[in-house]
Amino acid sequence: MKIAFEACEVWWGGASASRAYPLKETDCYTENLIDCSTSAENQSMPLFVSSHGRYIWSDQPFLVTVQNGVFDFEGVRPEIVKAGSCLKDAYLAAQKAHFPCDGRKLPEKFFKYPQLNNAWNEFGAEFEWHEFKDTYGRGGRNTIQRLRDKHHKWERNGLQDLIPCAINAGLMGFPFLCPDMIGGGEWSYRFLPGFSVDEELFVRMAQCSALFPMMQFSWAPWLALKPENVKLCLEAAKLHERLFPEIMKVVRQSQRTGESVLRSLEYECPHHGFENVLDEYMIGSDLLAAPVLEKGADAREVLFPAGRWRGMDGKEYDGLTSCTVHTTLDTLPWFIRV
């Protein structure tokens, strides 16, 4: 079955670990949800949601390709629904129809304290303390989900994948996300010949994780970093604890509604050209994070959604504008709605 893109329409869904998102009509893409071992990894759903308020749903897993602005689904005839005019409309309608939120409450400590993961977790939703990493078709369940392991690198499969993978997972019905472990959860790189820790990367990964619903360490900073950089990771962890009341407010809402805690700018402020913003994220409607994802960067451009925003230095910014902010290694640009 073939489904054509509308003009300027972009899509999210399929598998959280895919770096292809958002999908544009000019992209070429393949996802195999029938055999996830060959393609999709970690969180996946037979769902796509669009910036134009449409969604695609299948009760069965599928093989799909995108080429020349057309989805081609093999072996299934998915449902295509026009639910509204924007990404949020599409997600909420699909969630209500196909994976309603189960309303389960999760322990607040997941979200308040940075985690040091030094042992295997006892997985299973029947346990109060749990963590899932590989999940197909289980959107709508209030469980803790950790993203696919990332490498100790800046680009593909590293730091720069954290935000787009998290946004995509949230749009598939997985609201309570933990980024991969700070420093890189793909641990085998540490044993490669000639490996040395990139301390700047480690710090920036901690800062990027600081406003996520959860943050998690595996490689202890004090075993990998110089004291001054251990201090910066500690500051990122303390910021997470400082913002816990704001984060937990959104978590409680998400436990009732099924909306993701971490959201894209497009979700909260549709049709203003934010579809391809992959280096900023929001927590609910009122917190905005713009972490530094480029090695050696001492400044970055920040795009602001509608409204008025106050930065960590007290300076205020109008919405639907952009501004260049300076970003020394001890700086994480974040903003709160005024």
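Each value in this text was obtained by applying a stated rule to the coordinates, not by laboratory testing. All values derive from a computational prediction rather than experimental measurement. Positions of Cβ are backbone-derived with ideal geometry, glycine not excepted, and every protein chain shown enters the neighbour counts.
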Task: With Cα atoms, 0 to 90° folded angle of helix 87-98 axis to the chain main axis - done: 70 degrees
Open item on the list: Run the reach check for K2 against lysines, Cα to Cα strictly under 20 Å, same-chain hits fewer than 8 apart removed. What comes back?
Closed with: K24, K82
Task: Low-density loop positions, GluC sites (Glu not before Pro), segment 1-104 - DSSP coil, at most 15 other Cβ in 10 Å - done: E6
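Within 10 Å of each candidate Cβ there may be at most 14 other Cβ atoms; applying that plus a DSSP loop requirement, which trypsin sites (Lys or Arg not before Pro) in segment 249-328 survive? Please report the intermediate quantities before stating the final value.
Values: sites: K249, R252, R256, R263, K295, R300, R308, R310, K315; in loops: K295, K315.
Answer by residue number: K295, K315.
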Open item on the list: So if each residue of separation counts as 0.36 nm, and I subtract the Cα-Cα distance between H272 and A306, what length gain in nm does that give?
Closed with: 11.3 nm
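Quick check: residue separation of A297 and T26 times 0.36 nm, minus the Cα distance between them. What number comes out in nm? Intermediate values should be presented prior to the final figure.
Working: separation 271, 0.36 × 271 = 97.56 nm, distance 3.01 nm.
Fully extending the segment from A297 to T26 adds 94.5 nm.
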Task: Helix 199-209 axis, angle to the chain major axis (alpha carbon atoms, nearest 10°) - done: 50 degrees
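For K82 and E108 in one chain, what is 0.36 nm times their gap in residues minus the Cα-Cα distance, to one decimal in nm?
Details: separation 26, 0.36 × 26 = 9.36 nm, distance 3.64 nm.
Residue separation times 0.36 nm, minus the Cα-Cα distance, leaves 5.7 nm.
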Task: Nearest-ten-degree value, helix 227-242 long axis tilted from longest Cα axis of the chain - done: 50 degrees
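Sorted by packing (mean other beta-carbon atoms within 10 Å per residue), highest first, where do 160-172, 222-234 land?
Numbers: 160-172: 26.0, 222-234: 15.7.
Ranking, from highest mean packing down: 160-172, 222-234.
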Open item on the list: Among [x] 86, 48, 40; [y] 57, 45, 40; [z] 63, 46, 42, only one was calculated for this model; which label is it, if the read-out is Cα extents along the principal axes in Å?
Closed with: [y]
Task: Environment charge of L63, counting only residues whose C-beta is closer than 10 Å and scoring Lys/Arg +1, Asp/Glu -1 - done: -4
